[in-house]
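Read the structure below first, then the notes.
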Amino acid sequence: MMSKRTTFLAGALALLSTTVMAAETVEVFSTSGCGCCIGWMKHFEEAGFEVSNENLAMADLYAKKTGAGLKPGQTSCHTGFAGGYVVEGHVPAAEVKRLLAERPDAIGLAVPDMPAGSPGMGTSDEPYEVLLVARDGTSTVFARYPK
């Protein structure tokens, strides 16, 4: 029979693990059959995220992007949501983990376009930036790759 303290600790650990799991879930919206989107989702699964995906028509996907507050020049092929933030394009999982840990006042992260060497886009030394997108639509550099 468990003591009250053991029962409390077991419950606290269960609650903590549920909270951690919820913070590491990413909901992805993409178009059907996009190989780089599939590669990006695999990158997130390998990094410990739970990933769900819904394929949308292009107009509906664009509506998700604009509805999240993204502006022209900040978009890519797929849009994700994690911990209340938008994650647009080929953002590395490490930067999303940093975003969720730091919790800045922003709508999320974006890697515009589809830079070679970003997760899901193969290997390359082509430099690219991960942008932190503010609520007013402006952005600042959150990270630079390759590091």
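Values quoted throughout were computed directly from the atomic coordinates according to the rules given, and no laboratory measurement underlies them. Keep in mind it's a predicted model, so treat the numbers as computed, not measured. As a convention, Cβ positions derive from the backbone with ideal geometry for all residues, glycine included, and neighbour counts pool all protein chains shown.
Return only the number of the condition from (1) of a type in the set (Ser, Thr, Tyr); (2) surrounded by fewer than 17 Cβ atoms within 10 Å (Cβ to Cβ); (3) within 14 Å of Trp40 (Cβ to Cβ) that Thr138 does not satisfy.
(3)
Would you please name the residue that is nearest to Gly69 (Cα to Cα), looking only at residues in the stretch 85-118 that are in a loop (DSSP other than H, G, I, E, B), in contact (Cβ under 8 Å) with a residue 12 or more places away in the chain and aliphatic (A, V, I, L, M)?
The selected residue is Ile107.
Tell me, please, whether a residue that is under 14 Å from Phe29 (Cα atoms) and in contact with a helix residue (DSSP H, G or I) (Cβ under 8 Å, 6 or more places away or on another chain) can be found in the stretch 111-125.
no
Looking at the stretch 84-95, can you tell me whether even one residue there is surrounded by fewer than 21 Cβ atoms within 10 Å (Cβ to Cβ), among the charged types (D, E, K, R) and over 23 Å from Asn53 (Cβ atoms)?
No - not one qualifying residue is present in the stretch 84-95.
Being surrounded by fewer than 16 Cβ atoms within 10 Å (Cβ to Cβ) and closer than 19 Å to Asp136 by Cα is the filter here, so list the residues in the stretch 54-68 that pass it.
Those that are surrounded by fewer than 16 Cβ atoms within 10 Å (Cβ to Cβ) and closer than 19 Å to Asp136 by Cα: Tyr62, Ala63, Thr66, Gly67.
Got a sec? Which of Leu132, Leu100 is surrounded by 11 or more Cβ atoms within 10 Å (Cβ to Cβ), hydrophobic (A, V, I, L, M, F, W, C) and farther than 23 Å from Lys42 by Cβ?
Being surrounded by 11 or more Cβ atoms within 10 Å (Cβ to Cβ), hydrophobic (A, V, I, L, M, F, W, C) and farther than 23 Å from Lys42 by Cβ holds for just one of Leu132, Leu100, which is Leu132.
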